[in-house]
Amino acid sequence: MSRRWGPLAACLVAVWLIVPAVLAAARWPRWWDYIAQEMTPMTWVQSVVLVLAAAGALLVAFVLRRTEGGGTGGARTGVWWLLAAGFAVLALDERFALHERVRDGYLAPRGVTVPFLPWVAPGDFLVMGLALVGLALLPAVWRAVRVDTASRNALVAGVLLAVVAVGIDSVDPATWTVAAERVQQSLEEVVELGSGLAFLAAIVLRLTGLLAAHLPSAVPHEPPVAARPAPVPAPPAAGGGGR
């Protein structure tokens, strides 16, 4: 487990730290321009991560279908198809700001809110609705990855970071100063990127675990003929061939 998890975790954490730092430096002193706003390089990176997660979920479903066939194998692939579809939808939303368009174009101008969530700005409850859908699917996803400790740990990290990101995003930015809002929105995007990377790690680890369990182990092969030592000629038979 540690041999699979260590290098992958180091790589993804490096991406998590380096991407926001590079984007902030690229627009300094307006460091938030490429991070806090929608339709920016940060949201593009997040959409790429989600597309990779969707593709990974499809590969897991394919491997399960090939190795376990119908019956329980077919039932176990269902959650991975759902995950692939869910991550694909999230990637589209991230890339094209779909729920933000609905919020800003229809809900917010009409003051549509949730009465028992007074701290949420009009229309911002859409993100919380998506989070509730994800939580509803979480038990099935948990059963799909619980056999792999590394994948399970990455899933927990992804869920926790997603909850934090939704919590930050749900607070009405009108209650903050402009400077504080920039920090709030930037922090939310960075945490959201970390959540996507953790989900990607969970899927990659589950995929590599399945491949390790079902692919034949490597066996030593004979060296090519040119690399083999030349055969030693047998000594002549003693006492033979005299006249």
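Any read-out appearing in this document is the output of simple, stated calculations on the displayed coordinates, not a laboratory observation. These figures come from a predicted structure and were not determined experimentally. Note that each Cβ is placed from the backbone with ideal geometry, even for glycine, and that neighbours are counted across all protein chains shown.
Couple of notes before you dig in:
- The Cα atoms of the range 1-111 give a gyration tensor whose axes a ≥ b ≥ c have a/c of 1.5 or more with a/b no greater than b/c, which makes the shape oblate.
- Cα centroid of the range 177-201 to Cα centroid of the range 118-139, whole Å: 16 Å
- By the beta-carbon count within 10 Å of each Cβ, the least crowded to most crowded order of 208, 77, fewest first, is 208, 77.
- Prolate/oblate/rounded label for the range 112-209 (Cα gyration tensor, a/c 1.5): oblate
- Proxy reagent accessibility, fewest Cβ within 10 Å first, across 35, 168, 18: 18, 168, 35
- Using the Cβ-Cβ distance between residue 163 and residue 10 with R0 = 22 Å, the FRET efficiency computed as 1/(1 + (r/R0)^6) comes to roughly 0.35.
- Tail fraction, Cα-Cα pairs, the range 10-214, threshold 23 Å, whole percent: 48 percent
- Neighbours of residue 79, meaning other residues whose beta-carbon lies under 15 angstrom from its beta-carbon, give a summed charge of +4 when Lys and Arg score +1 and Asp and Glu score -1.
- Mean separation of Cα contacts under 8 Å (6+ apart) over length of the range 1-149, as relative contact order %: 17 percent
- Under 15 Å, Cβ to Cβ, from residue 61 - net charge with Lys/Arg +1 and Asp/Glu -1: +4
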